[in-house]
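First up is the structure itself, then whatever we jot down about it.
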Amino acid sequence: MPLIRLWTRKWNGMKGFFIIGEEVAQYDGAYKITRGLWKKYGDKRVIDTPITEMGFTGIATGAAMAGLRPICEFMTFNFAMQAIDQIINSAGKTFYMSAGRVNVPIVFRGPNGAAAGVAAQHSQCYGAWYAHCPGLKVISPYSSEDCKGLLKAAIRDPDPVVFLENEILYGVQFTMSDQALSKDFVLPIGKAKIERPGKHITLVAHSNAVDIALQGAKILAGQGIEAEVINLRSLRPLDTEAIAKSVAKTNHLITVEQGWPTCGIGAEILARIMETETFFHLDQPAVRITGADVPMPYAKTLELAALPQGKDVAAAVKKLLKVK
Amino acid sequence: MRVVICRIHLKLRDIEFRATFDGVYDYAVRILCTYKRTSIRAYYRLKLLLFPGAKTTWSEKIEFIKMKSYRPIPVYRVLDRQGNVINPAEDPKLPEDIVIKMYKSMSLLNNVDKILYESQRQGRISFYMTNYGEEASHIGSAAALNNEDIIYGQYREVGVLIWRGFTLQQLVDQCYGNKDDIGKGRQMPVHYGSKELNFITISSPLSTQMPQAVGSAYTLKNTNQVVVCYFGEGAASEGDAHAAFNFAATLDCPVVLFCRNNGYAISTPIKEQYKGDGIAARGPSYGIHTLRVDGNDVFAVYNATKLAKEYAIKENKPLEIIPHQMIVLPTDLPSEIKQWTTNDYPVMKLRYYIEKRGLWDEDKEKEWMKKSRNDILNAFNAGEKKLKPKWTEMFNDVYKDIPSNILKQQDYMNKHAPYNKYYYSDLGSNPDTG
């Protein structure tokens, strides 16, 4: 959990930072992301709240308007629905509405996207929801390196940042490069990363879907197809340039996400490619792989069928490339 | 009589001046224009209507109203710790079969918890919520209602369903999301629901059931039904709780707002959740009649719910009941709470009572425990073995009529599924177990 290490090291001497949310202090956070922070930094910097998302999001937003730098944790982003007015209408628009006089340097973070066995109301991706809104920056990290580098960037950012972590990825261990382990490591917001280079097709994904795309690429590699996997890292701003560059090389594009298809991240990417020169680099129409267009069911079989798997990616690539 | 009227007349004039001087009470002045009997009533109303929305009087002394200015709302109880009825007038005098059904349901609930909670710990189901310590709240309230009364639960109200006739097999099938789950494997474990039993399906987001319950109650005005809305004291921190209280009061809805106060919102203690005299004190401030009840005393909860239902139907008004349960959620309990837990376990209290009435003994207890455990284990084993729903279930019920885009998806899946048999067994079996 790179987030914890980052905080325990970085918070010394930082001014105005505090984390607020349900059970972030004494209970160490619902997913133990804030473990040890309360013991180390105390009540002033790590604040447990009553169960009122609308309330503590408003309080955090107000604190940011007054010059502090809050990190507002949601137990999951599903609960942020109770507070979405504060995020979009207040945090996201205050800088604009105040004619640039009041900025809102705040990070809204918590797990997002499909989890396991928690069904319709607890298992969904809000990437497209927040990425839709000007005024917000939206980050959807995949690996430990992403989390460390981008959370740091988010905390330092003068604008409100929505930081969409993933519950399934909390339990995954990633190897970190020496560079990523260094004290000064930080990643720029709005830049994608090529997770796996390839030449036959571009797979664009974010969050846990990067893992699905990589699994697909692994299956394909055994069959002589080299897929390039792009980890978007940020959803707003979206790194269209990185995608265009890759498509110019591979001439094929598939987007992979766990969210729904309609007005989704994949839909946005395909529309942007259509609008630019990159369109002419495509040998086949680009395709979206998304979660099924239904609310998430609970039963294991149905849940599995409702989410794209590595095998689905491999199948779609082969279909697109007309390979048997 | 004449003298009395004169005196009232003088007072009326006094108030009339004050109202005129303050220049805001046209209404007051208008109703003072007549001196008939209605105006005497109007006077009394007026005397209390000096401020918009507040029935109060003037004060010339500056003084804060503090938490200690009021006596805390007392906790109503029927039984003492040893299961004796303290005031015989409050004994609901329930017949033997009902009392035994109460005891059996309460102790069964505890056994259901043990098995399903263990099953969650072992990863067989993804989620569980125990009902330990809340048995009297569930059963006491359920017994005072009819199956026609609509229940909005939060997620710790399975006792109400059991009382209404939901079977153990139905409970287990829901938790496993298997092919016989009446929820078709769509919902998380413990998100039970039954249209036949008027139990609205549990919804995960906290407190959303509260304004919804009030809305349902609005449609039940002037009928013989009420809505009972269960919520935890932590849930009362959500904005929806305020909306529910306020609308219940202003729209005069026959709803019983039933706050199960067990002292902890998962692991956040009440002292970090609210201040003052608790959720009960909010009732009167919203204009809602309120009872604070010993949640470990099944008869107290029964009497309270019965009275609340009668009142709600008669007056078309909302009620608030706040049973304070035993506190059992966190593992690391402060000592005073531990004491509360061991001394006031609701099932034990009722057992003392039925033993004293000569309705129960050690042999019956042993026999019942054995039977109830067996029943649960049988249901559990059967439920775990059942197949999961077929993948085609995924596409039903998104809309009433399946639209073309979903049909297209279904068609695509139909072609795709045989391609990856390992994942999408047509039998709907769990790929992990083959």
Can you find, among A:273, B:287, A:169, the residue sitting farthest towards the positive end of the charge dipole of the protein assembly as shown, where Lys and Arg contribute +1 and Asp and Glu -1 at Cβ?
B:287
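How big is the charge dipole of region A:193-320 about its Cα centre, in debye rounded to the nearest 20, if each Lys and Arg gets +1 on its Cβ and each Asp and Glu gets -1 on its Cβ? Please report the intermediate quantities before stating the final value.
On the way: 14 positive and 14 negative charges, 60 e Å.
Dipole magnitude for region A:193-320 comes out near 280 debye.
May I ask you to give the solvent-accessible area per residue for chain A, in square angstrom, as obtained with a 1.4 angstrom probe?
Values: 13040 Å² over 324 residues.
That works out to 40 Å² per residue.
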Note: A:46-57 gets an average of partner chain Cβ contacts (10 Å, Cβ to Cβ) equal to 5
Using modelled amide H (1.01 Å from N, peptide plane; none on Pro or chain starts), what sits under 5 Å from the amide H of residue A:204, excluding residues fewer than 5 places away?
A:230, A:254, A:255, A:256
With 28 Å as the cut-off, how large is the P(r) tail for region A:2-181, expressed as percent of Cα-Cα pairs?
17
Long-range amide H partners of residue A:69, meaning residues 5 or more apart or on another chain whose placed amide H is closer than 5 Å, are A:17, A:18
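With a 1.4 Å probe and every protein chain kept in, tell me what percent of the accessible surface of the protein assembly as shown is carbon plus sulfur.
Details: 19630 of 35450 Å².
Answer for the protein assembly as shown: carbon and sulfur cover 55 percent of the accessible area.
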If the cut-off is a Cα-Cα distance under 21 Å, which lysines reach residue A:93, setting aside same-chain residues fewer than 8 apart in sequence?
A:137
Loop-resident trypsin sites (Lys or Arg not before Pro) in region B:91-183 with no more than 10 other Cβ atoms inside 10 Å, DSSP not H/G/I/E/B, are B:93
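Hey, could you get me the Stokes-Einstein D for the protein assembly as shown, Kirkwood radius over alpha-carbon pairs, 37 °C and 0.692 mPa s, rounded to whole µm² s⁻¹?
Rounded to a whole number, D works out at 112 µm²/s.
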Nearest-20 debye value, region B:225-282 charge dipole, Cβ charges on Lys, Arg, Asp, Glu
140
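Could you please tell me the mean projected area of the C-alpha convex hull for region A:88-199, averaged over all directions and given in square nanometres to one decimal? Intermediate results must be reported in sequence, preceding the final value.
Working: hull surface 37.0 nm².
Its average projected convex-hull area is 9.2 nm².
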Cα radius of gyration and Dmax for region B:201-297 (Å)
13.2, 41
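Could you report the buried accessible area between B and A, both sides summed, computed with a 1.4 Å probe and given in Å² to the nearest 100?
Working: alone 24010 and 14820 Å², together 35450 Å².
The contact between A and B buries close to 3400 Å².
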At most 15 other Cβ within 10 Å, DSSP loop - chymotrypsin sites (Phe, Trp or Tyr not before Pro), region B:238-274:
none
Name the residues of region A:104-135 whose accessible area, probed at 1.4 Å, falls by at least 50 Å² once all protein chains are in place instead of their chain on its own?
A:121
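For the protein assembly as shown, with only Lys/Arg (+1) and Asp/Glu (-1) charged at the beta-carbon, what is the dipole magnitude about the Cα centre, in debye rounded to 20?
Details: 94 positive and 80 negative charges, 256 e Å.
The calculation lands at about 1220 debye.
Compute the convex hull volume of the Cα atoms of chain A, divide it by the residue count, and report the result per residue in Å³ as a whole number. Walk me through the numbers before you get to the answer.
Working: hull volume 43.0 nm³, N = 324.
Hull volume over Cα atoms, normalised by residue count, gives 133 Å³.
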Just going by the charge dipole of region A:193-320, with Lys and Arg at +1 and Asp and Glu at -1 on Cβ, which of A:214, A:295, A:284 is farthest out on the positive end?
A:214
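For region A:193-320, divide the Cα radius of gyration by the Kirkwood radius and give the resulting Rg/Rh value with two decimals. Working shown, then result.
Details: Rg = 13.8 Å, Rh = 14.4 Å.
Radius of gyration relative to Kirkwood radius: 0.95.
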Antiparallel bridges, percent of DSSP beta bridges restricted to region A:170-324 (to nearest 5):
20
Straight-line reach from residue A:199: which lysines have a Cα under 28 Å away, not including same-chain ones fewer than 8 places off?
A:191, A:218, A:245, A:249, A:311, A:318, A:319, A:322, A:324
As a percent rounded to 5, the proportion of antiparallel DSSP bridges among beta bridges in the protein assembly as shown is 15
Under 22 Å between alpha carbons, and skipping anything fewer than 8 positions from residue B:271 in its own chain: which lysines qualify?
A:39, A:44, B:66, B:68, B:338
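The values are calculated or read from the model by the stated rules, or taken from the named source; none is laboratory data. Owing to the predicted nature of the structure, the values given are computational and were not obtained by experimental measurement. Neighbour counts are summed over all protein chains in view; Cβ atoms, including those assigned to glycine, are modelled from backbone coordinates with ideal geometry. Ligands, DNA and RNA are excluded from the accessible area calculation, which covers all protein heavy atoms including side chains. Shrake-Rupley method; radii C 1.70, N 1.55, O 1.52, S 1.80 Å.
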